[in-house]
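Report on the following structure.
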Amino acid sequence: MAPRSYNVSATPFVIFAQLITIAVITLVLVWLLHFRKGFSFKSDEISKLFNLHPFIMVIGLIVIGGQAIMAYKSIPAKRKTRKGVHLVLHLTAFLSGILGIYMIFKYKNEAGEKNLQTLHSWLGITTVSLYGLQFVLGFFAYCFPGAEWTARATLLPWHIFVGMVIFFFAMVNAEIGLSVFSQTDISFSERYMVNFTGLLVLLYAISVTLVVILPGRY
């Protein structure tokens, strides 16, 4: 018996990923604005200063980073346009990662806590560093005029694979951070909000992966 062929395109998972994106952003905003009372760059509002870290990392590094990964299959435009969106969104995600790290260092310094004492912090630094390296290498390989087409084609599978590994680094580290926070002294309602956010982040990462694997329409 001949093996069955499942002709599934990436489109349904692009749509699903966008719905998850809306849900993640909504939950994060409800969590941080309602339960955590918002954001502040001022050091005299320590808890609000901390809130900027999960907001920037989840929305910036993971959500926008995932959108950058899906850009080639989610945007109905010419390849050059999709390439430009891919580049700009990745740059935004990378800068968000840097800002997110800066904010948690600022929070810990103001709160008198030690830095880099947890696995979460180590993975965070590693993830953002790898993200930056991947961005620089990708820029010179695919945006720099002098790069050869044969070299680009050879590098492409590794560019995609390493990019997905870094993306999953970010997702796993977000899950660690949310899990640690959910074990602190917070209300049951807030704990459920944090846990559901973690589940949606996981679903988002799975959706992005399926979009990458499956063939696109454009």
Putting +1 on Lys and Arg Cβ atoms and -1 on Asp and Glu Cβ atoms, find which of 23, 149, 133 reaches farthest to the positive end of the dipole of the chain. 149
Please report the relative contact order for segment 64-126, taking Cα pairs under 8 Å with a sequence separation of at least 6, and give it as a percent rounded to a whole number. 27 percent
Run the simple label-point estimate for residue 155 and residue 110 please: 7 Å along Cα→C-beta, distance reported in nm. 4.0 nm
Tell me the per residue accessible area of segment 68-218 using a 1.4 Å probe; a whole number in Å² is fine. 58 Å²
Cα-only Debye scattering, segment 1-99: base-10 log of I(q)/I(0) at q = 0.12, 0.24 Å⁻¹: -0.52, -1.19
May I ask you to list the aspartates and glutamates whose Cα is less than 17 Å away from that of residue 108, ignoring any residue fewer than eight positions away on the same chain? 44, 45
Residues residue 19 and residue 137, FRET efficiency given R0 of 30 Å [Cβ-Cβ distance, rounded to 0.05]: 0.40
Total charge of the residues flanking residue 42 in space, meaning their Cβ is under 10 Å from its Cβ, with Lys and Arg +1 and Asp and Glu -1, is -2
Which lysines have a Cα lying under 28 Å from the Cα of residue 114, excluding residues fewer than 8 positions away in the same chain? 37, 42, 48, 106
Please compute the alpha carbon radius of gyration of segment 157-218, then divide it by the globular-protein estimate 2.2 N^0.38 Å. Two decimals is fine. 1.41
For labels at residue 213 and residue 180 in the simple 7 Å Cα→Cβ model, what's the distance in nm? 3.0 nm
State the percentage of accessible surface on segment 76-182 attributable to carbon and sulfur atoms; use a 1.4 Å probe and exclude ligands, DNA and RNA. 74 percent
Alpha carbons only, please: Rg and Dmax for segment 62-191, in angstrom. 17.5, 57
By accessible area (1.4 Å), largest first, 56, 206 order as 206, 56
Matching label, Cα extents along the principal axes in Å computed from the structure shown, candidates (1) 48, 38, 25; (2) 49, 40, 31; (3) 58, 45, 31: (3)
Go through 120-133, 57-70, 88-101, 183-196 and give me the packing order, highest mean Cβ count within 10 Å leading. 57-70, 88-101, 120-133, 183-196
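The values are calculated or read from the model by the stated rules, or taken from the named source; none is laboratory data. Note that this is a predicted model, so its numbers are computed, not measured. Note that each Cβ is placed from the backbone with ideal geometry, even for glycine, and that neighbours are counted across all protein chains shown. These accessible areas exclude ligands, DNA and RNA; they are computed on the full protein's heavy atoms, side chains included. Shrake-Rupley method; radii C 1.70, N 1.55, O 1.52, S 1.80 Å.
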